[in-house]
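Here's the structure, in structure tokens; my notes come after.
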Amino acid sequence: MLRQIKPRTARSKRALEKRAPKVVENPKTALFLRGTTCSQKVQDALADLYSMRQTHAKRFHKKNPVHPFEDASSLTFFSEKNDCSLILFGSSNKKRPHNITFCRTFDYKMFDMLEFYLDAESYRSISQFKGKKVPVGTKPLMVFAGTAFESTVPNEFTTAKSMLIDFFRGETSDKIDVEGLQYVVVVSADEPTSSTTTADDPSSKPVLHLRTYLIRTKRSGQRLPRVELEEHGPRMDFRLGRVQQPDEAVLKEAMRKAKTSEERTKKNISTDIMGDKLGRIHTGKVDLSTLQTRKMKGLKRERDPHLLEDDDSDEGGDLVEEEVQVKRKRKN
């Protein structure tokens, strides 16, 4: 748990309130770093990704002796210091050439990590594509194609999909301007060729293709325009490497939603068109054999005082006749 800092000035108080948890979180800021050995292809790829997220990104140019999967304490320090929850770390060595490590943090602690091995031969930067460029801060459409992304079990491809969505998401909005939809990011995965894929051999895994296209609308002679796609760049092909999945407790805490003041919908309660509240009650099965029906006041007959007087007079006459008959028997 992070230590609690008491603000001393109004400026520090505003900075702490900006970092505090919110019901609607701020856009995630990405931090771009490079290791002690980083190839030129990886540096160009990081520069292209930085230009696509320039409004919510920070980039460091100095070399950092960091090994994320061995010790991630330096990355968590940079995350807390710069208030960045996304980290892209570029490195290159003989065993893992042209490597870009995507990292995500929660509460300034490492959440998950995934390695993207860039194919240097097929890589094309944005500057190699001629034509109109996308304005800074524009949100893209995203398309994921491939059965690898549809797995119900968390794996490298589902983690890559989640990370790329977080990277290109930007600010959340409940309204969409059609004129602002100017480019689309397409991420496709090849179909697996063999079922015996191993985690230590990235070459046996399907290749991940990342493409960016400009959306061109032209006249079609109908109500809907004709849509054409023009490649914008960058063009990147990746093979996924090592992955570190989040712990179940950390994942549960990260997915927990804050309680809001909105009234929750109550079950079995509805309101009709007249505004009256209606409720539905569900009872269990009733055993009618145990139902008591003898001493119920509702089953007793009503007693009329006039009928009671008539009953009393009739009973008195019967008693006199019985006494006369008894005396006659005795005399005989």
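The values are calculated or read from the model by the stated rules, or taken from the named source; none is laboratory data. Note that the structure is predicted; figures quoted are calculated from it, not measured. For neighbour counting, all protein chains shown are included, and Cβ atoms are generated from backbone atoms with ideal geometry for every residue, glycine included. The protein model used for the area step is the full one, side chains on, heavy atoms only, and it has no ligands, DNA or RNA in it. Shrake-Rupley method; radii C 1.70, N 1.55, O 1.52, S 1.80 Å.
Looking at the range 64-109 only, could you name the residues that are part of a strand (DSSP E or B) and open to solvent by 30 Å² or more (accessible area, probe 1.4 Å)?
Those that are part of a strand (DSSP E or B) and open to solvent by 30 Å² or more (accessible area, probe 1.4 Å): His67, Asp71, Phe106, Lys109.
For the range 110-145, what are the residues that are assigned to a loop (DSSP other than H, G, I, E, B) and of a type in the set (Gly, Ala, Ser)?
Ala120, Ser122, Ser125, Gly131, Gly137
Let me confirm something: among Asp119, Asp71, Asp107, which residue is free of Cβ contacts under 8 Å to residues at least 24 places away in the same chain and of a type in the set (Asp, Glu)?
On the way: Asp119 fails: free of Cβ contacts under 8 Å to residues at least 24 places away in the same chain; Asp107 fails: free of Cβ contacts under 8 Å to residues at least 24 places away in the same chain.
Step by step, each of Asp119, Asp71, Asp107 is checked, and only Asp71 is free of Cβ contacts under 8 Å to residues at least 24 places away in the same chain and of a type in the set (Asp, Glu).
Given the condition aliphatic (A, V, I, L, M), within 22 Å of Glu253 (Cβ to Cβ), over 19 Å from the mean Cα position of the chain (by Cα) and modelled with pLDDT of 90 or more, answer yes or no: does some residue in the range 90-107 qualify? Spell out how you get there, then give the answer.
So in the range 90-107, the residues aliphatic (A, V, I, L, M) come out as 100.
If we keep only those that are within 22 Å of Glu253 (Cβ to Cβ) as well, we get none.
For the range 90-107, residues aliphatic (A, V, I, L, M), within 22 Å of Glu253 (Cβ to Cβ), over 19 Å from the mean Cα position of the chain (by Cα) and modelled with pLDDT of 90 or more: absent.
Table: residues versus (1) more than 21 Å from Val187 (Cα to Cα); (2) small (Gly, Ala, Ser); (3) open to solvent by 80 Å² or more (accessible area, probe 1.4 Å); (4) part of a strand (DSSP E or B).
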{"site": "Thr212", "(1), (2), (3), (4)": "no, no, no, yes"}
{"site": "Arg216", "(1), (2), (3), (4)": "no, no, no, yes"}
{"site": "Gln222", "(1), (2), (3), (4)": "yes, no, yes, no"}
{"site": "Val227", "(1), (2), (3), (4)": "no, no, yes, yes"}
{"site": "Leu240", "(1), (2), (3), (4)": "no, no, no, yes"}
{"site": "Val243", "(1), (2), (3), (4)": "no, no, no, yes"}
{"site": "Glu253", "(1), (2), (3), (4)": "yes, no, yes, no"}
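Within the set of pairs 6 or more residues apart or between chains, which connect a residue that is without any contact (Cβ under 8 Å) to a residue 60 or more places away in the chain and aliphatic (A, V, I, L, M) inside the range 168-191 to a residue that is in a loop (DSSP other than H, G, I, E, B) and open to solvent by less than 40 Å² (accessible area, probe 1.4 Å) with Cβ atoms less than 9 Å apart?
Partner pairs satisfying both residue conditions: Leu181/Thr138; Leu181/Pro140; Val184/Pro140; Val185/Pro140; Val187/Gly146; Ala189/Gly146; Ala189/Pro206; Ala189/Val207.
Among the residues of the range 13-24 satisfying the criterion of being modelled with pLDDT of 80 or more and open to solvent by 70 Å² or more (accessible area, probe 1.4 Å), which is farthest from Tyr50 (Cα to Cα)?
Lys13
Can you name the residue in the range 115-125 that is in contact with a strand residue (DSSP E or B) (Cβ under 8 Å, 6 or more places away or on another chain) and more than 30 Å from Pro246 (Cβ to Cβ) and is also least open to solvent (accessible area, probe 1.4 Å) among such residues? Don't jump to the end; show me each part of the working.
Applying the first criterion (in contact with a strand residue (DSSP E or B) (Cβ under 8 Å, 6 or more places away or on another chain)) to the range 115-125 yields 115-119, 122-124.
Right, trim to more than 30 Å from Pro246 (Cβ to Cβ) and you get 122, 124.
Details: Ser122: 28, Arg124: 87 Å².
Taking the candidates together, the pick is Ser122.
Go through Ser79, Ser73 for me and flag whichever is under 26 Å from the mean Cα position of the chain (by Cα) and polar (S, T, N, Q).
Details: Ser73 fails: under 26 Å from the mean Cα position of the chain (by Cα).
Every option except Ser79 fails the conditions.
Are any residues in the range 131-169 surrounded by 12 or more Cβ atoms within 10 Å (Cβ to Cβ) and on the phi > 0 side of the Ramachandran plot, and if so, which ones?
Gly137, Gly146
Out of curiosity, is Asp112 under 31 Å from the mean Cα position of the chain (by Cα), open to solvent by 10 Å² or more (accessible area, probe 1.4 Å), modelled with pLDDT under 95 and of a type outside the set (A, V, I, L, M, F, W, C)?
Working: under 31 Å from the mean Cα position of the chain (by Cα): yes; open to solvent by 10 Å² or more (accessible area, probe 1.4 Å): no; modelled with pLDDT under 95: yes; of a type outside the set (A, V, I, L, M, F, W, C): yes.
When the stated conditions are applied, Asp112 does not pass them.
List, please: which pairs have Cβ atoms under 9 Å, are six or more places apart or on different chains, and start with a residue in the range 271-289 that is open to solvent by 100 Å² or more (accessible area, probe 1.4 Å) and end with one that is not in a loop (DSSP other than H, G, I, E, B)?
Every condition considered, the pairs that remain are Lys277/Ile269; Lys277/Ser270; Lys277/Thr271; Arg280/Ile269; Arg280/Ser270.
With the requirement that a residue be among the hydrophobic types (A, V, I, L, M, F, W, C) and either farther than 26 Å from Leu208 by Cα or free of Cβ contacts under 8 Å to residues at least 24 places away in the same chain (or both), what does the range 85-102 give you? Quick ask: steps written out before the conclusion?
Of all residues in the range 85-102, those among the hydrophobic types (A, V, I, L, M, F, W, C) come to 86-89, 100, 102.
Once the filter is applied, which keeps residues that are among the hydrophobic types (A, V, I, L, M, F, W, C) and either farther than 26 Å from Leu208 by Cα or free of Cβ contacts under 8 Å to residues at least 24 places away in the same chain (or both), the range 85-102 yields nothing.
Which ones in the range 255-268 are among the β-branched types (Val, Ile, Thr) and either within 30 Å of Ile100 (Cβ to Cβ) or open to solvent by 80 Å² or more (accessible area, probe 1.4 Å) (or both)?
Passing the criteria: only Thr265.
I'm trying to understand the selection: among the residues of the range 24-57, which are under 30 Å from the mean Cα position of the chain (by Cα) and part of a helix (DSSP H, G or I)?
At the first step, the residues of the range 24-57 found to be under 30 Å from the mean Cα position of the chain (by Cα) are 24-33, 45-57.
Residues satisfying the conditions are Ala45, Leu46, Ala47, Asp48, Leu49, Tyr50, Ser51, Met52, Gln54, Thr55, His56.
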